[in-house]
1. Just to be sure before I move on: is F77 in contact (Cβ under 8 Å) with a residue 40 or more places away in the chain and in contact with a Phe, Trp or Tyr (Cβ under 6 Å, 6 or more places away or on another chain) in the structure I sent?
2. Out of (1) surrounded by 18 or more Cβ atoms within 10 Å (Cβ to Cβ); (2) within 25 Å of the chain's Cα centre (by Cα), the odd one out for L183 is which?
3. Tell me the residue from F208, F180, F149 that is within 16 Å of the ligand (Cβ to nearest atom) and either in contact (Cβ under 8 Å) with a residue 40 or more places away in the chain or not aromatic (F, W, Y) (or both), please.
4. Taking the criterion of being surrounded by fewer than 19 Cβ atoms within 10 Å (Cβ to Cβ), away from the ligand (no atom under 14 Å from the Cβ), in a strand (DSSP E or B) and of a type in the set (K, R), would at least one residue in region 220-240 satisfy it?
5. Would you mention how many residues in region 222-250 are over 14 Å from F273 (Cα atoms) and either in contact with a Pro (Cβ under 6 Å, 6 or more places away or on another chain) or of a type in the set (G, A, S) (or both)?
6. Taking only region 178-218 into account, find how many residues are part of a loop (DSSP other than H, G, I, E, B) and of a type in the set (K, R).
7. Within region 202-219, can you find the residues that are loosely packed, with under 14 Cβ neighbours inside 10 Å and within 15 Å of R294 (Cβ to Cβ)?
8. Take the conditions surrounded by 20 or more Cβ atoms within 10 Å (Cβ to Cβ), aliphatic (A, V, I, L, M) and in contact with a Cys (Cβ under 9 Å, 6 or more places away or on another chain) and apply them to V199. Does it pass?
Amino acid sequence: MTMAQFNPQVIRYLRPDEIEKHLAELHPGVIVTKGSHESLVPGYIPDLEWNFYDELHRYYVHDTYHGMYKVMTGKYFSVNVVRWGNLPVFMQVANAKIADGMFYQSMTVLGIIMLHQVQTITQQDEQVLIHVDFYVASHWLFKVLHRPFAKRLLKLQRKQDEEDNNEIRYRRRHLRQEGFSFLIDDPDFINSNRLTDHVRFPPFEGPFKISVDGLVQDTTQPVKVGPIELLLRRQENGDVHVWPGLCPHEGAGLDESDICSGVLRCPWHGRKFPGALLRKASDDVYRHLSITVRHDGDNLIVEKEPAAR
Ligand code: FES
């Protein structure tokens, strides 16, 4: 990799080929263990970059980053303090984008083990190859911990890849294949951690009609019209509760299992949606991204907001 490809916003960094040397210089007794692993995962580079920057999902999807305390964040770096599971053990974790498709993660464990990871991502058809080089460093007295630590790290990486693939990456790839786009297609640590609406529908015509009588009474059911996914629940009197079936933040698929006491909680980042009641013969309107839903006699009408037409 040439210097020109490095991220100019990261003023000072260790080049990947210098990491081992600098770790070894920490103390005359330091030993460094090197290793690498790879995963081929579904998706596209912008989604994998976003996945790296997106720190909130680590708590909800991976059950890591407990009690996270953000020390500082810039567009291309972040420093956090996190708890190790439920243990009273705290780690400072630094993340940075060093170059296009290259990221660093650096942390110390109990002050005796230093871990530095270099992650590179490359597109391969509809998948992304994630390559991780890792360096575990400590005084030679603790070398016995390197192998179990590296093994645990790999196990964690495999588990997180599986969770990301199943929960997020397949879904994001599917949405892109359907023509959806995202406001943060140039992601960074700032925009990837904002809980605002980032999803953009593909072009579609409308309006769409959904027969209210066709909905099963007192059952929350998913309904898809064009690219629009909704969760609908009809009451006996014809009033209809509506929730999004696609999270407007980053596109998570939502279903009945995400609703508790009438409030839907998104499984990716915990955003909450109380749902709306569309009463029969009323002017009630439900707004979701660039569409509206309203009751019209025997149907629900789903259409673009006037400004989006
Ligand atoms: S996708 Fe982020 S809160 Fe739903």
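1. no
2. (1)
3. Testing whether each residue is within 16 Å of the ligand (Cβ to nearest atom) and either in contact (Cβ under 8 Å) with a residue 40 or more places away in the chain or not aromatic (F, W, Y) (or both) leaves just F180.
4. Yes; the residues of region 220-240 include at least one that is surrounded by fewer than 19 Cβ atoms within 10 Å (Cβ to Cβ), away from the ligand (no atom under 14 Å from the Cβ), in a strand (DSSP E or B) and of a type in the set (K, R).
5. Number of matching residues: 3.
6. Summing the residues that are part of a loop (DSSP other than H, G, I, E, B) and of a type in the set (K, R) in region 178-218 gives 1.
7. The one that is loosely packed, with under 14 Cβ neighbours inside 10 Å and within 15 Å of R294 (Cβ to Cβ): S211.
8. yes
The values are calculated or read from the model by the stated rules, or taken from the named source; none is laboratory data. Here the structure is a predicted model, which means the values were calculated and not measured. When we count neighbours, we look across all protein chains shown, and the Cβ atoms used for this are built from the backbone with ideal geometry, even at glycine.
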